[in-house]
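Peer 1: If you scroll down you'll find the structure; I have some questions about it.
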Amino acid sequence: MLRTQVAIIGAGPSGLLLSQLLHLHGIDSILVERHSREYVAARIRAGVLEQGTVDLLLEANLGERMLKERLVHDGFSLAFSGRTERVDLKGLTQKAVSVYGQTEVTKDLIEARVAAGAKICFTASEVAIEGIDDHHPTVRFTQEGRTQEITCDFVAGCDGYHGICRQSVPKDAIRTFERLYPFGWLGILADVPPVAHELIYSNHARGFALCSMRSSTRSRYYVQCGLDEKLEAWTDSRFWDELRSRLPDEIADAVVTGPSIEKSIAPLRSFVVEPLKFGQLFLVGDAAHIVPPTGAKGLNLAAADVRVLYRAIVEYYRTGSTESLNLYSEKSLRRTWKAVRFSWWFTSISHKFSDDPFANRLQLAELDYLSGSTAALTSLAENYVGLPFE
Ligand code: APR
Ligand code: PHB
């Protein structure tokens, strides 16, 4: 029987960051993770950090490599109707974003946690939680054939969209909101220099495309694709041809191609659960909400949840007050819904939903209006860099 203050299910960015911040405030936690350390560290996800996320990583003593290796971006571009219009984030909001892959964030987090002697139970199976309604919840799991049990004060459900924490809550205690989009993103990673210094989001008659990067020598590109597409059908050369066909000519001509080192398809989804607290269980990050990747809000929202929850837990152990713990759900959901709205809107103006020419003209009119209006650009920019914390 193991005992800890906070049992954290899932060692993705949410769980690892929560555990690190709690540790720095003298609070003990145990992480229970379904996959191996190697698997968790190698997963490729998004790569744009809001300043608030950077600040939280610094607060967690994780900034050293990130500050050295990140690329600071003061803007990005929107491509449509053969034009390219820059969104001057810095000029509009006095803020910038940092390009630093989630894979790197996760590696830094695992290293920091292991160096501090954290207890992380990797490759745990049959994970189950019990007793979240009373004050002594239990987490049970199997590791290397042995059944383990953790008793704790709180359980943090950081186990992603497919995790068990949300599923452990009685159906009538939870409400879910969901929107599926009729397309996915086909992404590739390649060791070629990025086509531009900043990101380019492209609305094209053939579908959306995004030019992103991980460093000055590693590019990340995406094209919108059908939900039934097979990865095997996408050779590297087909991908590069499709990408270039969706970019304005001068950008398409500048794309440097090369062999992909990773290729994957992900469906787009908006998903929110309410509330986020059930007795002693708190849902955090992807376990609580999913946003389409347009605008790169997923990891930033997860970090924002962690920020609210860790402070509430620290307050509880310092003062005995449960006030902030009781406000976690409401506080996190207010921020979440604004990011859900933003990523839905950004998706809706940049992707091809149908062959309807009227809908297409509306999108182009909106992009044209946006690029000519400081008011509209400021709205886009302040959401993109991350809304202020209350
Ligand atoms: N038991 C233990 N661990 C589990 C279980 C389970 N039953 N189910 C899932 N997990 C683990 C997964 O293996 C994964 O490592 O929980 C972790 C969840 O990590 P993520 O899915 O990355 O979610 P989160 O940590 O909330 O990260 C925020 O926001 O949009 C994104 O891409 C972004 O993944 C990032 C996320
Ligand atoms: C990425 O680099 O993976 C990325 C960047 C911006 C987005 C989404 C994904 O909006």
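Peer 1: Using a 10 Å cut-off around each Cβ, can you sort Cys158, Cys211, Cys225 from fewest to most neighbouring Cβ atoms?
Peer 2: Final ranking by Cβ density, sparse to dense: Cys225, Cys211, Cys158.
Peer 1: How long are the semi-axes of the equivalent ellipsoid of the range 319-390, defined as square roots of 5 times the Cα gyration tensor eigenvalues? Whole Å, largest first.
Peer 2: Working through the eigenvalues yields semi-axes of 35, 15, 6 Å.
Peer 1: Decide, for the range 69-208, between rounded, prolate and oblate: order the square roots of the alpha carbon gyration tensor eigenvalues as a ≥ b ≥ c, take rounded if a/c falls under 1.5, and otherwise choose prolate if a/b is larger than b/c, else oblate.
Peer 2: Here the range 69-208 falls in the prolate category.
Peer 1: In the range 312-390, with Lys and Arg counted as +1 and Asp and Glu as -1 at Cβ, which of these residues, Phe358, Leu387, Ile313, has the Cα nearest the positive end of the dipole, that is, farthest along it?
Peer 2: Final value for the positive-end residue is Ile313.
Peer 1: Please state the charge dipole magnitude for the range 199-274, taken about the Cα centre, from unit charges on C-beta atoms (+1 on K and R, -1 on D and E), reported in debye and rounded to the nearest 20.
Peer 2: I would put it at about 180 debye.
Peer 1: When you take every Cα atom in the range 121-193, what is the radius of gyration, and what is Dmax, the widest Cα pair distance, in Å?
Peer 2: 17.7, 55
Peer 1: How big is the range 42-96 along each principal axis, measuring the range of its Cα positions in Å and listing the largest first?
Peer 2: On the principal axes, the range 42-96 reaches 44, 30, 16 Å in Cα extent.
Peer 1: What pairs in Lys171/Lys263; Lys263/Lys297; Lys68/Lys352; Lys68/Lys90; Lys230/Lys277; Lys90/Lys263 have C-alpha atoms more than 27 Å from each other?
Peer 2: Violating the 27 Å Cα-Cα cut-off are Lys171/Lys263; Lys68/Lys352; Lys230/Lys277; Lys90/Lys263.
Peer 1: Report Rg (one decimal) and Dmax (nearest whole number) for the range 153-259, counting Cα atoms only, units Å.
Peer 2: That works out to 18.7, 59 Å for Rg and Dmax.
Peer 1: What per residue convex hull volume, in Å³, comes out for the range 1-133 when only alpha-carbon positions are used?
Peer 2: 174
Peer 1: Can you tell me the length gained on complete extension of the stretch Lys338 to Ala128, counting 0.36 nm per residue apart and subtracting the Cα distance?
Peer 2: 72.4 nm
Peer 1: Note the full-extension length gain between Lys90 and Leu24 as 0.36 nm times their separation in residues minus their Cα-Cα distance, in nm to one decimal.
Peer 2: Full extension from Lys90 to Leu24 adds 20.5 nm.
Peer 1: Taking the 0 to 90 degree range and rounding to the nearest ten, how far is the long axis of helix 13-24 tilted relative to the main principal axis of the chain, both from C-alpha atoms?
Peer 2: Orientation of helix 13-24: about 50 degrees from the principal axis.
Peer 1: Take the Cα pairs of the range 1-70, get the Kirkwood Rh, then feed it into Stokes-Einstein at 4 °C and 1.567 mPa s and tell me D in µm²/s.
Peer 2: Answer, rounded: 96 µm²/s.
Peer 1: For the chain, what does the convex hull of the Cα positions come to per residue, in cubic angstrom?
Peer 2: Cα convex hull per residue, to the nearest whole number: 144 Å³.
Peer 1: Can you tell me how much longer the chain between Ala376 and Tyr161 gets when fully stretched, taken as 0.36 nm per residue apart minus their C-alpha distance, in nm with one decimal?
Peer 2: 74.1 nm
Peer 1: Cα-based Rg (one decimal) and Dmax (whole number) for the range 276-373, in Å?
Peer 2: Here Rg and the maximum Cα pair distance are 18.4, 60 Å.
Peer 1: Kirkwood Rh over Cα pairs of the range 250-319 into Stokes-Einstein at 37 °C, 0.692 mPa s: D in µm²/s?
Peer 2: Result for D is 213 µm²/s.
Peer 1: Let's see if you can work this out: charge +1 on each Lys and Arg Cβ, -1 on each Asp and Glu Cβ, no other charges. What is the dipole magnitude of the range 234-327 about its Cα centre, in debye to the nearest 20?
Peer 2: With Lys and Arg at +1 and Asp and Glu at -1, about 400 debye.
Peer 1: Using +1 at the C-beta of Lys and Arg and -1 at the C-beta of Asp and Glu, which of Leu56, Met66, Ile27 has the Cα lying farthest in the positive direction of the dipole of the range 25-77?
Peer 2: Toward the positive end, the furthest listed residue is Met66.
Peer 1: Determine the distance separating the Cα centre of the range 353-381 from the Cα centre of the range 189-243; give it in Å without decimals.
Peer 2: 22
Peer 1: What list do you get for Glu198, Glu250 if you sort them by fewest beta carbons within 10 Å?
Peer 2: Sorted ascending by nearby Cβ count, the order is Glu250, Glu198.
Peer 1: While we're looking at this one, here's another question. What order do you get for Phe278, Phe389 when you list them from fewest to most C-beta neighbours inside 10 Å?
Peer 2: Sorted ascending by nearby Cβ count, the order is Phe389, Phe278.
Peer 1: Another question, then. Can you pull the one-decimal nm distance between simple spin-label points at His197 and Gln5, each 7 Å off the Cα toward Cβ?
Peer 2: About 4.5 nm separates the two model spin labels.
Here, each number is a calculation from the coordinates, and none is a lab measurement. As the structure is a prediction and not an experimental result, all values here were calculated from the model. Ideal geometry is used to build each Cβ from the backbone, glycine not excepted, and the neighbour counts take in all protein chains shown.
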